[in-house]
Amino acid sequence: MNYAVLLFWLAATSVSAAASEPGTCPTQGNWLQVLGSGGPEVQDRRASTSYLIWIDGKARLLVDAGGGSALRFGEAGAGVKTLDAVVFSHFHVDHSADFPALVKSSFFEGRERGLPVLGPSGNHFLPSATEFVQRLFDAENGVWPYLAHFLPGERHFSYALEPQDIDAEADDIRQVWENERMTLSAARAHHGPLPALSWRVDIKGGGSVTFSGDMSGRYAQLPELAHGNDLLVAHHAIAEDTTGVGRLLHMPPSLIGDFAARAGVGRLILSHRMLRSLGREAESLALIRKRYTGPIDLAEDLDCYPIVPAATKKPAAAGFVH
Ligand SMILES: [Zn+2]
(Lines give C-alpha, C1' and ligand atoms only; values in the text may rest on other atoms or scores of the structure.)
Protein backbone atom coordinates (compact mmCIF):
# COMPACT_ATOMS: atom_id res chain seq x y z
CA MET A 1 0.00 0.00 0.00
CA ASN A 2 1.38 3.39 -0.84
CA TYR A 3 1.50 6.27 1.56
CA ALA A 4 -1.23 8.25 -0.16
CA VAL A 5 -3.64 5.35 0.22
CA LEU A 6 -2.72 5.01 3.88
CA LEU A 7 -3.37 8.70 4.45
CA PHE A 8 -6.75 8.38 2.77
CA TRP A 9 -7.65 5.49 5.03
CA LEU A 10 -6.51 7.32 8.08
CA ALA A 11 -8.67 10.29 7.16
CA ALA A 12 -11.60 8.01 6.45
CA THR A 13 -11.25 6.18 9.73
CA SER A 14 -10.49 9.21 11.88
CA VAL A 15 -7.27 7.67 13.15
CA SER A 16 -4.30 9.95 13.50
CA ALA A 17 -0.96 8.88 12.09
CA ALA A 18 0.77 11.86 13.64
CA ALA A 19 2.50 9.81 16.31
CA SER A 20 3.75 7.04 14.04
CA GLU A 21 7.19 6.88 12.49
CA PRO A 22 7.94 5.29 9.11
CA GLY A 23 7.39 1.55 9.36
CA THR A 24 5.30 1.77 12.52
CA CYS A 25 1.55 1.68 12.97
CA PRO A 26 -0.44 4.42 14.72
CA THR A 27 -0.84 4.01 18.45
CA GLN A 28 -4.64 4.18 18.52
CA GLY A 29 -7.03 1.55 17.26
CA ASN A 30 -6.53 -1.91 15.84
CA TRP A 31 -4.01 -2.52 13.09
CA LEU A 32 -2.63 -5.33 11.01
CA GLN A 33 1.02 -4.94 10.16
CA VAL A 34 2.78 -7.00 7.53
CA LEU A 35 6.25 -7.87 8.81
CA GLY A 36 7.10 -10.20 5.96
CA SER A 37 5.34 -10.11 2.60
CA GLY A 38 7.56 -12.63 0.83
CA GLY A 39 7.96 -16.37 0.53
CA PRO A 40 11.04 -18.53 1.02
CA GLU A 41 13.17 -16.96 -1.75
CA VAL A 42 15.64 -14.35 -0.51
CA GLN A 43 15.73 -12.86 -4.01
CA ASP A 44 12.24 -11.47 -3.50
CA ARG A 45 13.95 -8.92 -1.21
CA ARG A 46 11.21 -9.30 1.36
CA ALA A 47 11.10 -10.86 4.78
CA SER A 48 9.36 -14.22 4.77
CA THR A 49 5.85 -14.57 6.15
CA SER A 50 4.97 -12.78 9.37
CA TYR A 51 2.17 -10.50 10.60
CA LEU A 52 1.40 -8.52 13.73
CA ILE A 53 -1.88 -7.44 15.26
CA TRP A 54 -1.56 -4.14 17.10
CA ILE A 55 -4.20 -3.05 19.61
CA ASP A 56 -3.91 0.53 20.87
CA GLY A 57 -0.19 0.76 20.32
CA LYS A 58 0.79 -2.66 21.67
CA ALA A 59 1.80 -5.67 19.59
CA ARG A 60 -0.58 -8.39 20.79
CA LEU A 61 -0.48 -11.24 18.30
CA LEU A 62 2.29 -12.56 16.07
CA VAL A 63 1.22 -14.72 13.14
CA ASP A 64 4.15 -16.73 11.76
CA ALA A 65 7.81 -15.74 12.01
CA GLY A 66 9.60 -16.48 8.76
CA GLY A 67 13.20 -15.56 7.98
CA GLY A 68 13.87 -11.84 8.18
CA SER A 69 10.79 -11.13 10.23
CA ALA A 70 12.67 -10.71 13.52
CA LEU A 71 14.42 -7.68 12.07
CA ARG A 72 11.09 -6.32 10.82
CA PHE A 73 9.58 -6.98 14.26
CA GLY A 74 12.19 -4.70 15.76
CA GLU A 75 11.84 -2.11 13.01
CA ALA A 76 8.10 -2.05 13.65
CA GLY A 77 8.77 -1.05 17.25
CA ALA A 78 7.31 -4.29 18.60
CA GLY A 79 8.39 -6.27 21.64
CA VAL A 80 7.71 -9.83 22.71
CA LYS A 81 6.85 -8.49 26.14
CA THR A 82 3.40 -7.29 25.10
CA LEU A 83 2.41 -10.31 22.96
CA ASP A 84 -0.63 -12.26 24.10
CA ALA A 85 0.16 -15.20 21.81
CA VAL A 86 2.12 -16.44 18.83
CA VAL A 87 0.36 -18.57 16.22
CA PHE A 88 1.84 -20.54 13.36
CA SER A 89 0.13 -21.54 10.13
CA HIS A 90 2.71 -24.32 9.73
CA PHE A 91 6.37 -24.97 10.35
CA HIS A 92 8.00 -24.47 6.99
CA VAL A 93 11.19 -22.40 7.25
CA ASP A 94 9.61 -19.35 5.62
CA HIS A 95 7.01 -19.26 8.41
CA SER A 96 9.03 -20.16 11.49
CA ALA A 97 12.80 -19.66 11.08
CA ASP A 98 13.03 -16.42 13.08
CA PHE A 99 11.07 -17.66 16.08
CA PRO A 100 14.19 -18.62 18.10
CA ALA A 101 15.70 -15.21 17.31
CA LEU A 102 12.64 -13.51 18.80
CA VAL A 103 12.69 -15.78 21.84
CA LYS A 104 16.35 -15.02 22.50
CA SER A 105 15.78 -11.30 22.01
CA SER A 106 12.93 -11.38 24.49
CA PHE A 107 15.31 -12.49 27.24
CA PHE A 108 16.29 -8.85 27.55
CA GLU A 109 12.74 -7.50 27.76
CA GLY A 110 11.75 -8.62 31.23
CA ARG A 111 8.66 -10.53 30.22
CA GLU A 112 7.25 -12.56 33.10
CA ARG A 113 3.91 -14.05 31.97
CA GLY A 114 3.80 -17.23 29.90
CA LEU A 115 3.58 -16.97 26.11
CA PRO A 116 1.07 -19.25 24.34
CA VAL A 117 2.47 -20.64 21.07
CA LEU A 118 -0.24 -22.24 18.96
CA GLY A 119 0.37 -24.25 15.82
CA PRO A 120 -0.78 -27.30 13.90
CA SER A 121 -0.34 -30.89 14.90
CA GLY A 122 2.59 -32.60 13.21
CA ASN A 123 3.22 -35.46 10.83
CA HIS A 124 6.16 -37.16 9.13
CA PHE A 125 7.12 -33.96 7.32
CA LEU A 126 6.80 -31.28 9.97
CA PRO A 127 6.78 -31.10 13.77
CA SER A 128 3.79 -30.10 15.85
CA ALA A 129 3.93 -26.83 17.78
CA THR A 130 5.02 -28.62 20.95
CA GLU A 131 7.65 -30.63 19.08
CA PHE A 132 8.92 -27.53 17.31
CA VAL A 133 9.48 -25.67 20.57
CA GLN A 134 10.88 -28.72 22.37
CA ARG A 135 13.32 -29.61 19.59
CA LEU A 136 14.64 -26.07 19.47
CA PHE A 137 15.33 -25.68 23.15
CA ASP A 138 15.43 -29.14 24.76
CA ALA A 139 18.06 -29.26 27.52
CA GLU A 140 19.48 -32.57 26.26
CA ASN A 141 18.95 -32.77 22.52
CA GLY A 142 17.77 -29.31 21.51
CA VAL A 143 19.46 -27.17 18.90
CA TRP A 144 19.95 -24.47 21.52
CA PRO A 145 19.90 -26.16 24.95
CA TYR A 146 21.15 -22.97 26.58
CA LEU A 147 17.62 -21.64 26.06
CA ALA A 148 15.93 -24.60 27.79
CA HIS A 149 14.80 -22.23 30.51
CA PHE A 150 12.07 -21.06 28.12
CA LEU A 151 10.49 -24.54 28.10
CA PRO A 152 7.52 -25.50 30.27
CA GLY A 153 8.62 -27.21 33.46
CA GLU A 154 12.15 -25.82 33.40
CA ARG A 155 13.53 -23.27 35.82
CA HIS A 156 12.67 -19.94 34.26
CA PHE A 157 14.81 -16.83 34.24
CA SER A 158 11.94 -14.86 32.80
CA TYR A 159 8.91 -16.68 31.35
CA ALA A 160 7.87 -19.97 29.76
CA LEU A 161 6.68 -20.71 26.27
CA GLU A 162 3.32 -22.47 26.35
CA PRO A 163 3.02 -24.50 23.15
CA GLN A 164 -0.35 -25.94 22.14
CA ASP A 165 -1.12 -28.23 19.22
CA ILE A 166 -4.21 -27.59 17.13
CA ASP A 167 -5.48 -30.67 15.27
CA ALA A 168 -4.74 -30.01 11.59
CA GLU A 169 -6.75 -33.04 10.51
CA ALA A 170 -10.08 -31.97 12.02
CA ASP A 171 -12.50 -30.70 9.41
CA ASP A 172 -14.46 -28.33 11.63
CA ILE A 173 -13.72 -24.67 12.22
CA ARG A 174 -12.86 -24.18 15.87
CA GLN A 175 -12.43 -21.33 18.29
CA VAL A 176 -9.26 -22.45 20.01
CA TRP A 177 -8.11 -19.60 22.23
CA GLU A 178 -9.24 -16.33 23.73
CA ASN A 179 -8.32 -13.70 26.24
CA GLU A 180 -9.81 -10.34 27.16
CA ARG A 181 -8.69 -8.79 23.88
CA MET A 182 -9.33 -11.37 21.13
CA THR A 183 -10.54 -14.78 20.12
CA LEU A 184 -8.63 -17.04 17.75
CA SER A 185 -10.23 -19.59 15.46
CA ALA A 186 -8.51 -22.12 13.23
CA ALA A 187 -9.38 -24.27 10.25
CA ARG A 188 -7.25 -26.87 8.55
CA ALA A 189 -5.61 -25.70 5.33
CA HIS A 190 -4.57 -27.99 2.51
CA HIS A 191 -0.88 -27.33 1.83
CA GLY A 192 0.11 -30.50 0.04
CA PRO A 193 1.01 -33.16 2.61
CA LEU A 194 1.99 -30.59 5.27
CA PRO A 195 -0.16 -30.01 8.36
CA ALA A 196 -1.30 -26.41 8.10
CA LEU A 197 -3.91 -24.02 9.49
CA SER A 198 -5.71 -20.86 8.51
CA TRP A 199 -6.28 -18.44 11.40
CA ARG A 200 -9.09 -16.01 12.15
CA VAL A 201 -8.68 -13.23 14.71
CA ASP A 202 -11.70 -11.49 16.22
CA ILE A 203 -10.76 -8.45 18.25
CA LYS A 204 -13.20 -7.92 21.09
CA GLY A 205 -13.05 -4.18 20.67
CA GLY A 206 -14.17 -4.65 17.07
CA GLY A 207 -12.58 -5.88 13.88
CA SER A 208 -11.65 -9.20 12.36
CA VAL A 209 -8.86 -10.58 10.20
CA THR A 210 -8.34 -13.97 8.58
CA PHE A 211 -4.96 -15.26 7.47
CA SER A 212 -5.19 -17.93 4.80
CA GLY A 213 -1.65 -19.17 5.37
CA ASP A 214 -0.19 -21.29 2.60
CA MET A 215 -2.95 -23.38 1.07
CA SER A 216 -4.01 -24.95 -2.19
CA GLY A 217 -7.67 -24.32 -1.45
CA ARG A 218 -8.63 -27.95 -1.70
CA TYR A 219 -10.43 -27.98 1.66
CA ALA A 220 -12.32 -24.82 0.65
CA GLN A 221 -13.00 -23.72 4.24
CA LEU A 222 -11.54 -20.26 3.87
CA PRO A 223 -14.84 -18.51 2.91
CA GLU A 224 -16.55 -19.85 6.01
CA LEU A 225 -13.62 -19.04 8.31
CA ALA A 226 -13.27 -15.51 6.92
CA HIS A 227 -17.01 -14.90 6.58
CA GLY A 228 -17.74 -11.18 6.86
CA ASN A 229 -14.21 -10.32 8.02
CA ASP A 230 -12.82 -6.85 7.65
CA LEU A 231 -9.51 -8.07 6.23
CA LEU A 232 -8.44 -11.24 4.49
CA VAL A 233 -4.72 -11.83 4.04
CA ALA A 234 -4.37 -14.34 1.23
CA HIS A 235 -1.14 -15.88 0.05
CA HIS A 236 -0.47 -15.06 -3.57
CA ALA A 237 2.45 -17.41 -4.18
CA ILE A 238 1.72 -18.50 -7.72
CA ALA A 239 0.44 -17.14 -11.00
CA GLU A 240 -2.68 -18.55 -12.63
CA ASP A 241 -0.74 -20.83 -14.96
CA THR A 242 1.56 -22.32 -12.31
CA THR A 243 1.33 -26.11 -12.26
CA GLY A 244 3.03 -29.01 -10.47
CA VAL A 245 4.21 -28.68 -6.89
CA GLY A 246 3.48 -24.95 -6.85
CA ARG A 247 -0.20 -25.56 -7.55
CA LEU A 248 -0.32 -28.51 -5.15
CA LEU A 249 0.75 -26.13 -2.37
CA HIS A 250 -0.85 -22.79 -3.28
CA MET A 251 -4.01 -21.05 -4.54
CA PRO A 252 -4.13 -19.50 -8.01
CA PRO A 253 -5.42 -15.90 -8.21
CA SER A 254 -8.83 -16.97 -9.53
CA LEU A 255 -9.42 -19.09 -6.44
CA ILE A 256 -8.30 -16.28 -4.14
CA GLY A 257 -10.86 -14.06 -5.82
CA ASP A 258 -13.56 -16.68 -5.52
CA PHE A 259 -12.88 -17.24 -1.82
CA ALA A 260 -12.72 -13.51 -1.04
CA ALA A 261 -16.05 -12.93 -2.81
CA ARG A 262 -17.75 -15.83 -1.07
CA ALA A 263 -16.44 -14.70 2.30
CA GLY A 264 -17.62 -11.15 1.67
CA VAL A 265 -14.51 -9.64 3.22
CA GLY A 266 -14.09 -5.90 3.43
CA ARG A 267 -10.57 -5.83 2.00
CA LEU A 268 -8.24 -8.37 0.41
CA ILE A 269 -4.50 -8.19 1.03
CA LEU A 270 -2.21 -10.27 -1.18
CA SER A 271 0.97 -11.42 0.53
CA HIS A 272 3.56 -14.26 0.41
CA ARG A 273 4.60 -12.78 -2.91
CA MET A 274 7.12 -14.98 -4.68
CA LEU A 275 9.16 -14.70 -7.86
CA ARG A 276 6.45 -16.72 -9.62
CA SER A 277 3.82 -14.07 -8.91
CA LEU A 278 5.92 -10.89 -8.68
CA GLY A 279 5.79 -8.94 -11.92
CA ARG A 280 2.51 -10.55 -12.92
CA GLU A 281 0.31 -8.52 -10.60
CA ALA A 282 -1.81 -6.93 -13.34
CA GLU A 283 -2.76 -10.33 -14.69
CA SER A 284 -3.49 -11.72 -11.22
CA LEU A 285 -5.50 -8.67 -10.14
CA ALA A 286 -7.63 -8.87 -13.29
CA LEU A 287 -8.50 -12.47 -12.50
CA ILE A 288 -9.29 -11.67 -8.89
CA ARG A 289 -11.42 -8.63 -9.78
CA LYS A 290 -13.59 -10.75 -12.04
CA ARG A 291 -14.76 -12.46 -8.87
CA TYR A 292 -14.14 -10.08 -5.95
CA THR A 293 -15.17 -6.45 -6.29
CA GLY A 294 -13.87 -5.07 -2.99
CA PRO A 295 -10.58 -3.24 -2.44
CA ILE A 296 -7.35 -5.20 -2.96
CA ASP A 297 -3.83 -4.39 -1.79
CA LEU A 298 -0.47 -5.89 -2.63
CA ALA A 299 1.40 -6.25 0.66
CA GLU A 300 4.82 -4.78 1.30
CA ASP A 301 6.95 -5.32 4.38
CA LEU A 302 5.92 -3.04 7.28
CA ASP A 303 2.60 -1.99 5.70
CA CYS A 304 -0.08 -1.11 8.26
CA TYR A 305 -3.79 -1.70 7.65
CA PRO A 306 -6.51 -0.39 9.95
CA ILE A 307 -8.82 -3.12 11.20
CA VAL A 308 -12.16 -1.38 11.14
CA PRO A 309 -15.59 -2.83 10.53
CA ALA A 310 -16.27 -2.78 6.82
CA ALA A 311 -19.47 -0.84 6.18
CA THR A 312 -19.41 -1.10 2.43
CA LYS A 313 -19.04 -4.82 1.87
CA LYS A 314 -21.70 -7.32 2.83
CA PRO A 315 -21.17 -11.08 2.89
CA ALA A 316 -22.32 -12.61 -0.38
CA ALA A 317 -24.30 -15.34 1.33
CA ALA A 318 -24.46 -17.29 4.54
CA GLY A 319 -23.35 -20.90 4.46
CA PHE A 320 -20.74 -22.24 2.10
CA VAL A 321 -19.99 -25.45 0.34
CA HIS A 322 -17.07 -27.34 1.82
ZN1 LIG B 1 5.26 -20.28 2.70
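Tell me, what HN-Hα J-couplings in whole Hz come from the Karplus equation 6.51 cos²θ - 1.76 cosθ + 1.60 at θ = phi - 60° for each residue of region 40-52, using x for Gly and Pro?
The phi angles translate into x, 7, 5, 5, 6, 6, 10, 5, 6, 3, 5, 9, 10 Hz.
Of 254, 213, 130, which is farthest along the charge dipole of the chain in the positive direction, counting Lys and Arg as +1 and Asp and Glu as -1 at C-beta?
Positive-end residue among those listed: 254.
Can you pull a Stokes-Einstein diffusion coefficient for region 66-107 at 4 °C (1.567 mPa s), Rh from Kirkwood over Cα pairs, as a whole number of µm²/s? Intermediate results must be reported in sequence, preceding the final value.
Details: Rh = 10.6 Å.
Rounded, D is 122 µm²/s.
Provide the net charge surrounding residue 241, with neighbours chosen by a C-beta distance below 11 Å and charges set as Lys +1, Arg +1, Asp -1, Glu -1.
Numbers: positive: 247, 276, 280; negative: 240, 283.
Within the 11 Å Cβ shell, the charges total +1.
What three numbers, in Å, describe the spread of the alpha carbons of region 100-153 along their principal axes, ordered from the longest?
Sorted from largest, the Cα extents of region 100-153 read 36, 23, 21 Å.
How big is the C-alpha Rg of region 31-157 next to the rule-of-thumb value 2.2 N^0.38 Å, as a ratio? Present the calculation step by step, with values, prior to reporting the outcome.
Details: Rg = 14.1 Å, N = 127, 2.2 N^0.38 = 13.9 Å.
Output field value: 1.02.
How many angstrom separate the Cα center of region 155-214 from the Cα center of region 42-110?
15
So what is the 222 nm mean residue ellipticity for the chain from helices alone, if each DSSP H run of at least 4 adds -39500 (n - 2.57) and you divide by all residues, rounding to the nearest 500 deg cm²/dmol? Before the final figure, lay out each step's value.
Values: 9 runs with 68 residues, N = 322.
One gets -5500 deg cm²/dmol as the mean residue ellipticity at 222 nm.
Apply the Karplus curve 6.51 cos²θ - 1.76 cosθ + 1.60, θ = phi - 60°, to the phi angles in region 197-213 and return the couplings in whole Hz, x for Gly and Pro.
Values per residue, Gly and Pro as x: 10, 9, 10, 10, 10, 10, 7, 5, x, x, x, 8, 9, 10, 10, 5, x Hz.
Remind me, relative contact order of the chain in percent, using alpha carbon pairs under 8 angstrom and six or more residues apart? Each step should come with its number before you reach the end.
Details: 808 pairs, mean separation 51.3, N = 322.
With pairs under 8 Å counted, the relative contact order is 16 percent.
Running Debye on the chain with equal point scatterers at the Cα sites and no solvent, what base-10 log of I(q)/I(0) appears at q = 0.07, 0.08, 0.15 Å⁻¹?
With no solvent term, the Cα-only Debye profile gives -0.25, -0.32, -1.22.
For the chain, build the charge dipole from Cβ charges (+1 Lys, Arg; -1 Asp, Glu) around the Cα centre, then report which of 25, 190, 120 sits farthest towards its positive end.
25
For residue 59, enumerate residues with amide H under 5 Å from its amide H, sequence gap 5+ or separate chain, H modeled in the peptide plane.
79
With θ set to phi - 60°, apply the Karplus curve 6.51 cos²θ - 1.76 cosθ + 1.60 along region 89-99 and write out the HN-Hα couplings as whole Hz, x wherever there is a Gly or Pro.
Result, ordered by residue: 6, 5, 10, 5, 4, 6, 10, 9, 5, 8, 4 Hz.
Where the Cα atoms of region 133-235 are projected onto their three principal axes, how long is each span, largest first, in whole Å?
45, 36, 22
Can you give the net charge of the other residues whose Cβ lies under 12 Å from the Cβ of residue 60, counting K and R as +1 and D and E as -1?
Details: positive: 58, 81, 181, 204; negative: 56, 84, 180.
Surrounding charge for residue 60 is +1.
For region 177-250, what is the accessible area per residue in Å² when the probe is 1.4 Å? Could you put the intermediate results ahead of the total?
On the way: 2070 Å² over 74 residues.
Per-residue value: 28 Å².
Show 87, 308 ordered by accessible area, largest first, where the area counts protein heavy atoms only and the probe is 1.4 Å.
Numbers: 87 0, 308 55 Å².
The ranking, largest first, comes out as 308, 87.
Work out how far the C-alpha atoms of region 178-244 reach from end to end along every principal axis, then list the three figures in whole Å, largest first.
44, 21, 16
Report the far tail of the P(r) of region 97-186, meaning the percent of Cα-Cα pairs longer than 17 Å. Walk me through the numbers before you get to the answer.
On the way: 2147 of 4005 pairs.
In whole percent, the share of Cα-Cα pairs in region 97-186 beyond 17 Å is 54.
The values are calculated or read from the model by the stated rules, or taken from the named source; none is laboratory data. Because the structure is predicted, anything quoted here is derived from the model rather than measured. Positions of Cβ are backbone-derived with ideal geometry, glycine not excepted, and every protein chain shown enters the neighbour counts. Ligands, DNA and RNA are stripped out before the accessible areas are found, and what is left, the full protein with its side chains, is counted by its heavy atoms. Shrake-Rupley method; radii C 1.70, N 1.55, O 1.52, S 1.80 Å.
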